[in-house]
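Below is one structure, written out as structure tokens, with a few remarks after it.
Every read-out reported here was derived from the displayed coordinates using simple, explicitly stated rules and does not represent laboratory data. These numbers come from a predicted model, not from an experiment. All Cβ positions, glycine included, derive from the backbone under ideal geometry; neighbour counts span all protein chains shown.
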Amino acid sequence: MKKHCHYEHLIDGYLLDKLKPEDEAEFEEHYFICPHCFAQLDEKSEIVQILKKEGVLENPGNACEHDHARPSRWRRLLARLRR
Amino acid sequence: MTRMIKEDKSAPPENAVLQYRPVISFRVRKALGSSNPDWEDVVNEILTQAVAKIKSGEFRGESSIGTFLYTITSRRIIDYIRQKTRVLKHAPEPAPYPDPHDEMEHRERARQVEQVVNGLKPKFRDVLYLYYYKELSREEVARTLDISPRRVSERVNYALKLIQKAVRK
């Protein structure tokens with residue numbers, strides 16, 4: 001089994017239904033012949049489904065501090081420099 | 001795989017085709033929805049059709065068996081959706097019955113995932129929240145958190161590895 005496959009980066013997009021139709025079809029054909037990508041896809045699929053639907057990440061108050069915390073001084077400075 | 005079928009004529013085609021049951025099931029469930037009770041019947045029809053085509057010589061090994069099965073699977077999914085669209089015009093769909101054993105296993109895995117997520121540092125949870133829950137692109141997450149897209153991937157991969165490790169146990 002290969003350690004990496006150049007189609008691997010499409011797995012997340014496929015699971016989140018974000019691929020273009022032509023990329024989606026290409027990736028579907030690919031994972032029928034690539035046990036490495038299929039193993040990754042199968043394992044990630046349920047986890048992504050849980051993260052999306054089961055309320056595990058639902059509470060932004062706990063889950064997402066960026067909504068509430070002020071960025072550090074350095075971050076603010078860097079952001080200003082980039083403008 | 002193709003070679004295996006060509007060389008070993010005595011091996012029943014069922015053996016080669018059945019190895020693809022997980023991948024065909026995955027594709028069918030993704031297309032039909034995993035709570036659709038018809039998915040298993042559709043998978044069995046695809047497998048039966050594939051074996052029949054191999055036995056009749058319709059599959060001559062010009063493509064790989066994976067590609068051959070992908071084609072049969074895609075066609076069957078399209079047919080199923082067409083049939084259902086026709087049926088749904090006349091009658092509402094009955095509610096699906098989830099398998100209680102599968103449901104229990106899924107709930108257990110959800111609990112394990114939740115445990116890992118709750119133990120993550122906020123910087124990892126933030127990325128998971130924005131990427132998987134809010135479904136922002138990698139670049140959008142990077143802009144929101146003021147980090148590089150590469151850093152987003154690193155954080156997602158790190159968090160997923162921890163989750164996968166916990167779920168595999």
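B:PHE59's amide H: which non-local residues (gap 5+, or another chain) put their own amide H closer than 5 Å, with H modeled 1.01 Å from N in plane and none for Pro or chain starts?
When sequence neighbours closer than 5 places are left aside, the close amide H contacts are B:ILE54.
Which ³J(HN,Hα) values in Hz, rounded to whole numbers, follow from the phi angles of region A:22-29 under the Karplus curve 6.51 cos²θ - 1.76 cosθ + 1.60, where θ = phi - 60° and Gly and Pro get x?
Result, ordered by residue: 5, 5, 4, 5, 5, 5, 4, 5 Hz.
Counting only Cα, what are the radius of gyration and maximum Cα-Cα distance Dmax of region B:2-88, in Å?
Rg and Dmax of region B:2-88, Cα atoms, are 13.7, 46 Å.
As an exercise, identify the trypsin sites (Lys or Arg not before Pro) in region B:13-66 lying in DSSP coil whose Cβ has no more than 15 other Cβ atoms within 10 Å.
B:ARG60
Quick check on chain B: take the gyration tensor over C-alpha atoms, sort the square-rooted eigenvalues as a ≥ b ≥ c, and tell me if it's rounded (a/c under 1.5), prolate or oblate.
Cα axes put chain B in the prolate bin.
With the cut-off at 27 Å, tell me which of the pairs A:LYS20/B:LYS165; A:LYS18/A:LYS44; A:LYS44/B:LYS55; A:LYS44/B:LYS53; A:LYS20/B:LYS84; B:LYS30/B:LYS55 have Cα atoms farther apart than that.
Listed pairs above 27 Å: A:LYS20/B:LYS165; A:LYS44/B:LYS55; A:LYS44/B:LYS53; B:LYS30/B:LYS55.
More than 15 angstrom separation, counting every C-alpha pair in region B:100-168; what % is that?
That tail contains 54 percent of the Cα-Cα pairs.
Taking loop as defined by DSSP and a crowding limit of 14 other beta carbons within 10 Å, which GluC sites (Glu not before Pro) in region B:97-169 fit?
In loop regions of region B:97-169 (DSSP not H, G, I, E or B), the sparsely surrounded GluC sites (Glu not before Pro) are B:GLU135.
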